There are 2 protein chains.
Amino acid sequence: MAPAAKLSGFPEWLPADRIVEERVIDLLKHTFELNGFAAIHTRAVEPLSALAKDGEIDKEIFAVRRLHAEGDEKNPLGLHFDLTVPTARYVTENAGRLDFPFKRYQIQPVWRGERPQDGRYREFIQADIDVIGEDSLAEHFEVEIPLVIVQAFEALRSLGVPPVRILANNRKLLEGFARGIGLDDIAAVLRCIDKYDKVGPARVAELLAEEAGADAQQQRLCLALAAIEADTSAFADEVRALGVSDPLLDEGLDALARLLDSANRISPGSVVAQLKIARGLDYYTGTVYETQLVGHESIGSVASGGRYDALAKTDKRVYPGVGMSVGVSRLMSRLAGSEHRLLAATRSVPTAVLIAVTDEAHRVRADDVAYALRTRGIPADVAPQAAKFGKQIKYADRRGIPFVWFTDGETGHEVKDIRSGEQVGADPELWAPPAADLWPRVVGTAEGA
Amino acid sequence: MAPAAKLSGFPEWLPADRIVEERVIDLLKHTFELNGFAAIHTRAVEPLSALAKDGEIDKEIFAVRRLHAEGDEKNPLGLHFDLTVPTARYVTENAGRLDFPFKRYQIQPVWRGERPQDGRYREFIQADIDVIGEDSLAEHFEVEIPLVIVQAFEALRSLGVPPVRILANNRKLLEGFARGIGLDDIAAVLRCIDKYDKVGPARVAELLAEEAGADAQQQRLCLALAAIEADTSAFADEVRALGVSDPLLDEGLDALARLLDSANRISPGSVVAQLKIARGLDYYTGTVYETQLVGHESIGSVASGGRYDALAKTDKRVYPGVGMSVGVSRLMSRLAGSEHRLLAATRSVPTAVLIAVTDEAHRVRADDVAYALRTRGIPADVAPQAAKFGKQIKYADRRGIPFVWFTDGETGHEVKDIRSGEQVGADPELWAPPAADLWPRVVGTAEGA
C-alpha cells in the first residue's frame, strides 16, 4: 500500500496506517506528559512578518489570503513552517498568564514549500517539546530535552521502531572556533559545515573558500573540526589538539562535554558529539541536536532542535528556550505505507466484534447487542446488510475484525472467533474478547524484524 | 482567562484549557471508535476547484500559494472549509483500497474567512463522523449517525457538558413541499427557510416573495411548515393537514418519521423533527441535522450534518454518504476560556509530583527519583532551581501539582501532599499518588452546575 496522496508532498494514510501514526503520536504524548510537559495547540497561520528570517521571507513559506479579499490584507498571513516560531509568539502573547519555566509539547502539521522527496513533505506532522524560561534558562534543560526524546524513542521501540542515536553540537563551539581561526562571517561558515553530509568534505572546503573567504589552512581546520565525533566528553581534547583558542569556543566545549557526561550517566551511548552538526535554522544559539534512525540514516534527522536565546522577546523581557522536534511524518515514511514498512496494525477498524443481522426486520436485535457491548467498552459494529452469514463473515474478515456475533432472539446468542472457527454461546452483558483483541494492535513486520 | 489569540477568529487556549479540549476530543474519539468508526487524517489543502460550490468559489475560502511561486500555480490550492469535501475526495482517490460502507471519523481544524463572532471562528476544530457507501447506502445509517452523536454528548455529560437536542429534517420533505405548492426554485426556498431563526417568520415571508417568487398563499404554507416541531412521528400528520401533495414530500415524510421512531426507541427524546432546519451547504440530499446545546442555543448548532448522495463520484461510481460534524471549538467557547466557563482542569500541567532539589550539586538525586516514578507511569517533574523549599512548594502550588517530593540522599525520601500539609516517608520504587491525582481531571464549575 502506497500513501494515498495524489498531491505530491501531502501524505495521507489509509485507515490501518493512520492507526500506526496515532499509536506513535500517543506514545510520544504519554512520554512528554510523564515528563511534565503540558500540551498546547496553536493556530496554523502566523503573520508573514513573524515567519521572516532576518527580515527576509523565505520562499518556502505558503502564504494564505482570503479569496476575494478586498485590496491588500493589512496583516498578510502564512502557514507556520515549524512549531517553535508559533510557540515563541504564544509565549510572549501570554507571558503574564503562563508559569515559567514553561514546559510545553505540541503535535501539529507544519507546511514548507520544498521540493518533495524521500522523507520530505510539504505538509508534515511534528511533535515538539520545548522548555522556555523567563529572562534565563538553566543549562540542565539542555540535558533534559534529548533525554526525554531518548525515552520517547524507547517507548516507540516497544512497537518495533529501530533505535536512535542523538547527535549533538554547540553553536558557541562552532562560532568560537570560526572566530578563533580568523573567519568573521559565522553564518556562512555554519551554512557550509551544515552541508557536510550532503556534498562531502571536498565541496565544503570549496564552499568555505567561496562563501566565507576561508584560505587553505582555515579550510583544513574547519574540516578537521567537522570530522570529530565521540560518545564521551573526550571529543574536547581532540578539538583542543587543533590548537585553536577562543573564549566562546571554550564555553561551547565545556557545555557540550557536560551534556555528554550527564546524558550518558542516565542513558549510556544515547547522545554522541558530532561536530559537523550545525542545523539550518538561524535562531539557535547553544546546543543543537539531530537524531539518526539507526539503519535509516538516509532519510535525515528524525528529531532535531537546539537552544535559542533570543527567539521570543518583548520590549521588556527575553524568553530563552531549548527544544527538539520529532518528525512524525518522516518517521512514518519508514514505519508504514510502503512494502518495506516496519509496522502494521492488526486490523483496519477499531471494531472487535461484528454483530450479524439475520433479517432486516430484526436489525434492532443486533443494534441492542452492539449497544450492550459498547456500554461495557467493547468496540462493536452491526453488519450493514442482512446478507448470507458467509458474506457477513467475509465483511468482518476483510477488515480484520476477529469476532462475529449471531443472535436470533429465540435460542439466544453465539459468538464466533473467525480465525479459529470456534463458536460458543455468549451473553451481551458478560462476554468480552481477550484483552489483546479488544483494540487494534500495532506490531513489527517481518521486514522490520 | 480569555482565549489567548490576538488574531481575531483564531482561538488558542492556555494549557489548562487545552487539557479540557483534549479531554473533550478523547471522549469523542472513544465514542466514535466504540461504534466502529476508523480515524483518517487528510491534508489541510484541496485544489480550489474542489472547494467550489456549483462551480462558484466561495469568498470565505482561504487561498494558499507558495510565496515567490513563479507565475500562476497550475493547481491553485485552498484550505478546506469542512471535513466532508476532503473525505469525499479521499474516498474517490482510494476507492479501490477501502472497504465499503466506509465508516470514518476525522478530527481536524478547518478554515473559513467569516467575520468572527460568538462561537464562530476563522480556524476551528471539527470532529466528523461519516458513513460512505459504494453505489448505495442503506437508510439505517441515517439513524445510526445521530445516535452516535447522542452517545458522544452523553459521554461529555460525565464532564459537566449540558445535554443536547438533535433537530432533524429531510431535504426531500422540503423540496417535495416546495414543488407541491408550485415553487420551482428549490435552492432559493431552502435558503429562505434556513434564515428562519436568524431573521424571523415575517422577514422569511418577504424573502420567499423576493427570492423564490412566492405569493401570499405559498408564503403562508412555507411558514406553517417551518413552524412544525415534534418529538414523535406525529409531525407527519401536521404536515399532511396542510393539504399539500407531492410524491417526494411523502418520501421525505416517511423517512423522517422512521428516523424519529428508530432513534427514540433507543434514546427517547434525543431526536426532534424541526421542519425549519434546512442547512446552508448545498450538497445535502436527504436527512439534515442540527444540534442545540440546551441553555446555550444562541451559539448555534454544535453538531450538524446530513445525507449527501452525489458529493463523491468518479466516472463509474457514486459514493453516497451521511455524517455529522461536532463543532469542538464552538463547544469550547462555552466550556472554557471565559469567566462563565462550564469546565475546568484540576491543574495546568500533567505533573502529579514535583521532586524538590536540595542543592544543584545533587540535582541527579532528584533526577533519579523522577526517573523511577516515570518508569512506573507517574508523571513527575524536577524543580527548575535549588531554591528555598518554600519557593519550590510555591512552584508546585501555582501549577496545581498536588505532591512535592524531598530527598537528601541520606535519611531517605519524604513526600508532602501540599493541600493537606501531610508529609510521609516514601520509596520511589513503591509510592503512587491516589488514582484521582495521577492525571489532571476535568470537572464542572459552579457556573456550569
Restricting the stretch A:23-35 to residues that are touching a helix residue (DSSP H, G or I) at 6+ places or on another chain (Cβ under 9 Å) and facing another protein chain (nearest Cβ under 7 Å), the one farthest from A:Ala303 (Cα to Cα) turns out to be A:Leu34
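Restricting to the stretch B:355-364, name every residue that is within 9 Å of chain A (Cβ to nearest Cβ) and of a type outside the set (Lys, Arg).
From the stretch B:355-364, those within 9 Å of chain A (Cβ to nearest Cβ) are B:360, B:363-364; that's our starting set.
Those that are within 9 Å of chain A (Cβ to nearest Cβ) and of a type outside the set (Lys, Arg): B:Glu360, B:Val364.
Between A:Arg265, A:Arg220, which is within 14 Å of another protein chain (Cβ to nearest Cβ), open to solvent by 70 Å² or more (accessible area, probe 1.4 Å) and either under 24 Å from A:Ile145 (Cβ atoms) or free of Cβ contacts under 8 Å to residues at least 60 places away in the same chain (or both)?
Being within 14 Å of another protein chain (Cβ to nearest Cβ), open to solvent by 70 Å² or more (accessible area, probe 1.4 Å) and either under 24 Å from A:Ile145 (Cβ atoms) or free of Cβ contacts under 8 Å to residues at least 60 places away in the same chain (or both) holds for just one of A:Arg265, A:Arg220, which is A:Arg265.
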Just name the residue that is surrounded by the most Cβ atoms within 10 Å (Cβ to Cβ) out of those in the stretch A:121-142 that are facing chain B (nearest Cβ under 9 Å) and in a helix (DSSP H, G or I).
A:Phe141
Output for the stretch B:365-401, where each listed residue is facing chain A (nearest Cβ under 9 Å), outside any helix (DSSP H, G or I) and in contact with a helix residue (DSSP H, G or I) (Cβ under 6 Å, 6 or more places away or on another chain)
B:Pro379, B:Ala380, B:Val382
Among (1) at pLDDT 95 or above; (2) in contact with a helix residue (DSSP H, G or I) (Cβ under 7 Å, 6 or more places away or on another chain), which single condition is B:Pro320 missing?
(2)
Looking at the stretch B:245-259, is at least one residue under 19 Å from B:Asn169 (Cα atoms), of a type in the set (A, V, I, L, M, F, W, C) and either open to solvent by 80 Å² or more (accessible area, probe 1.4 Å) or without any contact (Cβ under 8 Å) to a residue 60 or more places away in the chain (or both)?
yes
Of all residues in the stretch B:16-52, how many are touching a strand residue (DSSP E or B) at 6+ places or on another chain (Cβ under 6 Å), open to solvent by less than 10 Å² (accessible area, probe 1.4 Å) and in a helix (DSSP H, G or I)?
4
Within the set of pairs 6+ apart or on separate chains, which have a first residue in the stretch B:57-69 that is modelled with pLDDT of 85 or more, a second that is outside any loop (DSSP other than H, G, I, E, B) and open to solvent by 50 Å² or more (accessible area, probe 1.4 Å), and C-beta atoms under 8 Å apart?
B:Glu60/A:Arg66; B:Ile61/A:Arg66; B:Phe62/A:Arg65; B:Phe62/A:Arg66; B:Ala63/A:Arg65; B:Ala63/A:Arg66
Tell me, please, whether a residue that is in contact with a helix residue (DSSP H, G or I) (Cβ under 6 Å, 6 or more places away or on another chain), farther than 30 Å from A:Ile149 by Cβ, not assigned by TED's automatic domain parsing to the domain that holds A:Ile299 and not β-branched (Val, Ile, Thr) can be found in the stretch A:165-179.
no
Any idea which of (1) among the charged types (D, E, K, R); (2) under 20 Å from B:Ile181 (Cα atoms); (3) within 27 Å of the chain's Cα centre (by Cα) is the one B:Asp246 doesn't satisfy?
(3)
Does A:Leu225 satisfy the criteria of being open to solvent by less than 10 Å² (accessible area, probe 1.4 Å), part of a helix (DSSP H, G or I), in contact with a Phe, Trp or Tyr (Cβ under 8 Å, 6 or more places away or on another chain) and outside the structural domain of A:Leu293 (by TED's automatic domain parsing)?
yes
Could you tell me which numbered condition A:Phe406 fails, if it satisfies all but one of (1) open to solvent by less than 50 Å² (accessible area, probe 1.4 Å); (2) aromatic (Phe, Trp, Tyr); (3) closer than 29 Å to A:Asp26 by Cα?
(3)
Candidate set: the stretch A:214-236, residues that are modelled with pLDDT under 95 and over 18 Å from A:Ala278 (Cα atoms); chosen: the one farthest from the chain's Cα centre (by Cα):
A:Ala234
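Considering only the stretch B:405-422, how many residues are assigned to a strand (DSSP E or B) and closer than 17 Å to B:Lys388 by Cα?
Applying the first criterion (assigned to a strand (DSSP E or B)) to the stretch B:405-422 yields B:405-407, B:413-417.
From the residues that got through so far, the ones that are closer than 17 Å to B:Lys388 by Cα too are B:405-407, B:414-416.
Going through the stretch B:405-422 one residue at a time, the tally reaches 6.
If a residue must be part of a helix (DSSP H, G or I), open to solvent by less than 70 Å² (accessible area, probe 1.4 Å) and over 16 Å from A:Thr285 (Cβ atoms), how many such residues does the stretch A:194-207 contain? Please lay out each step first, then the result.
Here is the first cut: in the stretch A:194-207, the residues part of a helix (DSSP H, G or I) are A:194, A:196-199, A:201-207.
When the remaining residues are screened for being open to solvent by less than 70 Å² (accessible area, probe 1.4 Å), the result is A:194, A:196, A:199, A:201, A:204-205, A:207.
Still in the list and also over 16 Å from A:Thr285 (Cβ atoms): A:196, A:199, A:201, A:204-205, A:207.
Of the residues in the stretch A:194-207, 6 are part of a helix (DSSP H, G or I), open to solvent by less than 70 Å² (accessible area, probe 1.4 Å) and over 16 Å from A:Thr285 (Cβ atoms).
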Say we look at the stretch A:299-327 and pick out the residues that are more than 21 Å from A:Glu144 (Cβ to Cβ) and among the β-branched types (Val, Ile, Thr); which of these is surrounded by the most Cβ atoms within 10 Å (Cβ to Cβ)?
A:Ile299
Of the residues in the stretch A:341-354, those that are over 30 Å from the mean Cα position of the chain (by Cα) and more than 10 Å from every other protein chain (Cβ to nearest Cβ) number 0
Flag if B:His296 is touching an Asp or Glu at 6+ places or on another chain (Cβ under 7 Å), surrounded by fewer than 22 Cβ atoms within 10 Å (Cβ to Cβ) and away from every other protein chain (no Cβ under 14 Å):
no
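So which residues in the stretch B:348-364 are in contact (Cβ under 8 Å) with a residue 12 or more places away in the chain and either surrounded by fewer than 20 Cβ atoms within 10 Å (Cβ to Cβ) or part of a helix (DSSP H, G or I) (or both), if there are any at all? It would help to see each step written out before you state the result.
Let us first name the residues in the stretch B:348-364 that are in contact (Cβ under 8 Å) with a residue 12 or more places away in the chain, namely B:348-360, B:362-363.
B:Thr358, B:Asp359, B:Glu360, B:His362, B:Arg363 - these are the residues of the stretch B:348-364 that are in contact (Cβ under 8 Å) with a residue 12 or more places away in the chain and either surrounded by fewer than 20 Cβ atoms within 10 Å (Cβ to Cβ) or part of a helix (DSSP H, G or I) (or both).
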Given the conditions (1) over 33 Å from the mean Cα position of the chain (by Cα); (2) surrounded by 16 or more Cβ atoms within 10 Å (Cβ to Cβ); (3) not small (Gly, Ala, Ser), every one holds for A:Glu210 apart from (2)
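The values are calculated or read from the model by the stated rules, or taken from the named source; none is laboratory data. What you see is a predicted model; the values in this text were computed from it and never measured. FYI the Cβ positions are ideal-geometry reconstructions off the backbone, even for glycines, and counts take in every protein chain you see. Please note that ligands, DNA and RNA were not included when accessible areas were found on the heavy atoms of the full protein model with its side chains. Shrake-Rupley method; radii C 1.70, N 1.55, O 1.52, S 1.80 Å.
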